[in-house]
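Take a look at the structure below.
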Amino acid sequence: MNYFRNLILFFILVMSTSYANAAFTLFSQKNTVTIDNFRNGNIKGFNIGVIADHDEGYYQELKEAGAKTVRVIIPFSKCSQTIQVDDTPEDVSQIQSKSLEPKCIYKVNNNVISSFNKLLSQAKKDNFNIIVVGDFEQNPQGDYWTSKKLQQGISIAWQRFAEIYKNENKIAAYDIFNNPNAIGLNNPQKVQDFWLYGASNIVQHIREVDSSRVIIYQVPYGDPLVADKIKPLEDKNIVYGFDMFYPYQITFQGMSPQYNERLSYPLGQEFRLDPFGDGNIRAINIDDIRLYLSRVNKFSKDNNVPILISAFGIVHYAPNRSGYRYIQDVTTVFKENGFSWMYQGFRINQAMDPYIASENKDAIERSSSAPMISLLSELMSGAKK
């Protein structure tokens, strides 16, 4: 009798342990990246551009660089090319009325889903995380801000995407709108109001199918100087995204006629730069970078919200090792403020390729020992404190 009783107890113990382990495994696999990772500035990696298929050499180089996170653009395409913009309201209150429920305005095409699934498989193999960035055809953005039909369509498209991937633990976050630029709306406050409403609507739709995923809210234009005008969303699992290419005269030099002068970083006042556009001539150095990002830091501290610098970078051919010095100073300020960051980028464009050491604009030879990628690798791996 005791034998059978002990056998039954043993069986119950084994099954209980198995279920507990299974539950623990299931729990531990869900959302391995939390908002606290962003809050402490622990998320560092590369922007890798629009989703595409890549060979093993691509992923091997990414792995050797030490990237633990990549940020990839997922294009949401129009279901129809003849969408009518239904209204042009004067303020947000006019689009907060009963929302339209279009069957389909935006969708992710099957070939994009296929490429993204391959990236997910690689992320599991090489143990890196993915930030998914929604891109909704840049051309109609002006329509987006004033059309409840388009806003609802984007929200529904995001909900459908989130439903498919709600159990994927290698997705670190959903970055809901790539570079929200309100074309045609010249009133900055109106831009803020429309985007706050639109973003809140997207978040609400995602939360109906995924309650715990980190969501990234990029501010209009990605501009750090508007941080004092931003209102936080009600959802508490939100990271706020900003770009950092200040000063463009240095970081974008040679990329357009507007920035055609060869300039080094750091830069003295004798070069007469007025990068803030406020009439003050500035020396461009780490203290100036601290000043430029001070509004972002204040917004973060005042509202207790984490920050992601969604994109930053500098052309490889800026003279006098400017790229190395700029990355060193900018990431120092990011660390001081607890900002996470994504470098722009990994095999996206030749001008900002950190693997190119030459100060010749036309150089294409790449090396893993180039100063800029060596520094970035140390920062991403944690080797450089």
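The values are calculated or read from the model by the stated rules, or taken from the named source; none is laboratory data. The structure displayed is predicted, hence computed values, not measured ones. Glycine also receives a Cβ, built like all others from the backbone with ideal geometry; neighbour counts cover every protein chain displayed.
A compact table of results
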quantity	calculated
Residue 277 vs. criteria surrounded by 19 or more Cβ atoms within 10 Å (Cβ to Cβ) and not basic (Lys, Arg)	no
Qualifying residues in segment 115-135 (those that are of a type in the set (Gly, Ala, Ser) and touching a residue at least 12 places away in the same chain (Cβ under 8 Å)) - the one surrounded by the most Cβ atoms within 10 Å (Cβ to Cβ)	134
Top-ranked residue in segment 275-300 [being in a loop (DSSP other than H, G, I, E, B) and within 28 Å of the chain's Cα centre (by Cα); ranked as farthest from residue 315 (Cα to Cα)]	277
Any hit, segment 16-32, residues being at pLDDT 95 or above, loosely packed, with under 13 Cβ neighbours inside 10 Å and not β-branched (Val, Ile, Thr)	no
Exclusive hit being of a type outside the set (D, E, K, R), modelled with pLDDT under 95 and more than 19 Å from residue 168 (Cα to Cα), set 47, 42	42
Test for residue 62: is it surrounded by 12 or more Cβ atoms within 10 Å (Cβ to Cβ) and either assigned to a helix (DSSP H, G or I) or modelled with pLDDT under 95 (or both)	yes
Residue check for residue 339: closer than 28 Å to residue 57 by Cβ, at pLDDT 95 or above and either hydroxyl-bearing (Ser, Thr, Tyr) or surrounded by 20 or more Cβ atoms within 10 Å (Cβ to Cβ) (or both)	no
Residue identified as within 30 Å of residue 361 (Cβ to Cβ) and part of a strand (DSSP E or B) among 254, 241	241
Condition check for residue 72: at pLDDT 65 or above and either within 18 Å of the chain's Cα centre (by Cα) or within 27 Å of residue 41 (Cβ to Cβ) (or both)	yes
Verdict on residue 380 being of a type in the set (A, V, I, L, M, F, W, C), in a helix (DSSP H, G or I) and out of contact with any helix residue (DSSP H, G or I) (no Cβ under 7 Å at 6 or more places or on another chain)	yes
In segment 309-355, residue farthest from residue 248 (Cα to Cα) [restricted to those that are in contact with a helix residue (DSSP H, G or I) (Cβ under 7 Å, 6 or more places away or on another chain) and in a strand (DSSP E or B)]	340
Within segment 177-210, considering residues that are assigned to a loop (DSSP other than H, G, I, E, B) and modelled with pLDDT of 95 or more, the one surrounded by the fewest Cβ atoms within 10 Å (Cβ to Cβ)	208
